[in-house]
Amino acid sequence: MGKTEEKTDFISPGTIAWRRFRKDKIALVGLFGIVFLFAVAIFAPFIANGRPLVLFRDGCLSFPAMRYVFAPDTSEVIVEKIFNYILVFILPACLMFMVFRNKSLLKWRAIAIWAAVAAIPFLVVGARLEKSDWRKDSANLAKGEFAVFAPIPYGPFENAGEPHLKPCRTHVFGTDQVGRDVFSRMVYGARVSLAVGFLATTLTMIIGIAVGLICGYFGGRMDFIVMRIVEIIMCFPTFLLLLILMAIMMDRKMEQSILLVIGVIGLTSWTGLSRIVRGEVLQQRAMPYIKACESLGLSIWKIMACHLLPNISGPVLVSFTFGVAGAILAESGLSFLGFGVRAPTASWGELLHQAFSDPLRYWHLTLWPGAAIFISVVSFNFAGEALHRAFDPKSD
């Protein structure tokens, strides 16, 4: 008597969600906007830079801009180095991934080694004050010598023209109140917005998931007390709470920086996520697989990390996407009111603040940052809505 074997391919929930996501046109628009923002932020030194990318002079070939990729001359060194490290790391890593595609172990070893090697220049190269006028020097090059500049040949802190110039051929987006190129500051402002959006939301995720997991799993008196505290915190208007905390920090002479803004936004935005996680954990807590894990003697923390957390990842990922959009809006609002990152750091909200006295007269300081904020927030909201539909089993 013959046996017939039925071969069934297991498809993970993540794969199903991704297939649904790809079929959603709005999702693809949001994903394109997010990828575009990241590309601008990561490749900022090659898009807008006052130093030559390549210089051939006196028979020598040099790359003046590269030193400042490893040692940025900015007050927000940590954020700049993070994006510059991604810039240096990402292209060789992608090449290794394709070359060793069929050799999994060798592929990840090569990428890990490259990750360590790429970090060395950022630790070794020291900052140096640059006073050269590269555009003037490049105009006096001898025959056969050349200099290759970025498409926008101005740095974000460079006084490149007259204050409040309207858009022209030299300055496509105009200049700000001290003559800095607005296009260059817009490009580097994307780094500030994405850094605040992702790092602040990551901090929010850590706190909110931890609180929600513990309250939902253990329940009882601790759940009651913690949730009442959460409800009290939620009674405060979030943005007003941000302003109060930033004002307190400034009164205590704390330095206005991206890290401070990230910390304040992250520490005030976790309450809603904690309630979502708690609700999901309460549902999963009653499932048979959790009872089976407990009967097998698995530790509580292993059950939370290895079983509960993966099964609530859908709502968490959706919340993360919306959280990034909210954090970008919060940072822009704080910078617009003068409580965000300090000058001369490039920020979209800070450019809007410069146009506050006369928005119509300084329309170029209103239009471009406003459009950038709109595009970034809409992109993340589109992606978040699409993820919500993709993880919803009733969406088919």
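Computed from the coordinates by the stated procedures, all read-outs in this text should not be read as laboratory data. Worth saying up front: this structure is predicted, and the values here are computed from it rather than measured. Don't worry about glycine lacking a Cβ; one is built from the backbone with ideal geometry, like all the others, and counts go over all protein chains shown.
Miscellaneous remarks
- The length gained by stretching the chain between TYR289 and TRP108 to full extension, at 0.36 nm per residue less their Cα-Cα distance, is 61.9 nm.
- In this label model, ASP137 and ARG169 are separated by 2.7 nm, measuring between points 7 Å along each Cα→Cβ vector.
- The angle between the Cα long axis of helix 238-251 and the main principal axis of the chain comes to about 50°, on a 0 to 90 degree scale.
- Per-residue HN-Hα couplings for the stretch 205-220 [Karplus 6.51, -1.76, 1.60; θ = phi - 60°; Hz; x = Gly/Pro]: 4, 4, 5, x, 5, 4, 5, x, 4, 5, 5, x, 7, 7, x, x
- The distance between label points at PHE356 and LEU28 comes to 4.2 nm (points 7 Å beyond Cα on the Cα→Cβ vector).
- Amide H within-cut-off set for ARG180, under 5 Å, with H built and near neighbours excluded: ALA160
- Charge-dipole axis of the chain as Lys and Arg at +1 and Asp and Glu at -1 on Cβ define it, positive-most pick from PHE21, VAL211, ILE47: PHE21
- Cα-based helix-to-principal-axis angle, 104-124 vs the chain, degrees rounded to 10: 40
- Which labelled figure in (1) -0.47, -0.73, -1.07; (2) -0.69, -0.97, -1.25; (3) -0.58, -0.85, -1.13 is log10 I(q)/I(0) by the Debye sum over Cα atoms at q = 0.09, 0.11, 0.13 Å⁻¹, once derived from the coordinates: (2)
- Over the C-alpha trace of the stretch 262-386, radius of gyration and Dmax come out as 20.8, 71 angstrom.
- Euclidean distance of C-alpha centroids, the stretch 61-95 and the stretch 299-340, integer Å: 27
- Calculated [θ] (222 nm, deg cm²/dmol) that DSSP helices of n ≥ 4 give over the chain, each run adding -39,500 (n - 2.57): -21000 deg cm²/dmol
- q = 0.11, 0.16, 0.20, 0.21 Å⁻¹: log10 I(q)/I(0) that the Debye formula gives for the stretch 1-151, counting C-alpha atoms only: -0.68, -1.09, -1.28, -1.31
- Phi-based couplings in Hz for the stretch 60-69 (Karplus 6.51, -1.76, 1.60; Gly and Pro marked x): 10, 9, 9, 10, x, 6, 5, 4, 8, 6
- Axis angle, to the nearest 10 degrees, between helix 13-23 and the longest C-alpha principal axis of the chain: 50 degrees.
- Local electrostatic count at VAL316 - Lys and Arg +1, Asp and Glu -1, tallied over other residues with Cβ under 13 Å: +1
- Potential lengthening between ILE300 and LEU282 on full extension [0.36 nm per residue; Cα-Cα distance subtracted]: 5.0 nm
- As a length-normalised measure over Cα pairs under 8 Å and 6 or more apart, the relative contact order of the chain settles at 22 percent.
- The amide H of ALA127, built 1.01 Å from its N in the peptide plane, has no neighbour under 5 Å, considering only residues 5 or more places off or on other chains.
- Extension gain (nm, one decimal) between PHE38 and LEU91, 0.36 nm per residue minus Cα-Cα: 17.7 nm
- Cβ-Cβ distance of LEU367 and GLU162, R₀ of 22 Å, FRET efficiency by 1/(1 + (r/R0)^6): the value works out to about 0.70.
- Projecting label points 7 angstrom from Cα along Cα→Cβ for PHE239 and ILE120 puts them 4.9 nm apart.
- Dipole magnitude of the stretch 183-395 about its Cα centre (Cβ charges: Lys, Arg +1; Asp, Glu -1), debye to nearest 20: 280
- The residues neighbouring GLN284, those whose beta-carbon lies less than 12 Å from its own, together hold a net charge of +2 under the Lys/Arg +1, Asp/Glu -1 convention.
- Residue list for the stretch 125-150, given a label point 7 angstrom along the Cα-to-Cβ vector of LEU61 and an amide N cut-off under 15 Å: 145-148
- Mean separation of Cα contacts under 8 Å (6+ apart) over length of the stretch 271-349, as relative contact order %: 24
- Nearest-20 debye value, the chain charge dipole, Cβ charges on Lys, Arg, Asp, Glu: 820
- Projecting the Cα positions of SER184, PRO163, LEU298 onto the charge dipole of the chain (unit charges on Cβ atoms of Lys, Arg, Asp and Glu, taken about the Cα centre) puts LEU298 furthest along the positive direction.
- With bins 5 Å wide beginning at 0, the percent of Cα pairs of the stretch 183-395 falling in each bin runs 1, 7, 13, 15, 16, 14, 11, 8, 6, 4, 2, 1, 0, 0, 0.
- Tail weight of P(r) past 22 Å, computed on alpha-carbon pairs of the stretch 103-209, percent: 62
- Note, ³J(HN,Hα) from phi for the stretch 334-346, Karplus 6.51, -1.76, 1.60, rounded to Hz, x at Gly and Pro: 5, 5, 4, 8, x, 10, x, 5, 8, 5, x, 4, 6
- Size-normalised alpha-carbon gyration radius of the stretch 262-329, reference 2.2 N^0.38 Å: 1.33
- Amide H to amide H distances under 5 Å link VAL54 with VAL148, where only residues 5 or more positions off or on other chains count and H is placed in the peptide plane.
- Lys/Arg +1, Asp/Glu -1 at C-beta; the chain dipole; positive extreme among ALA390, LEU259, VAL99: VAL99
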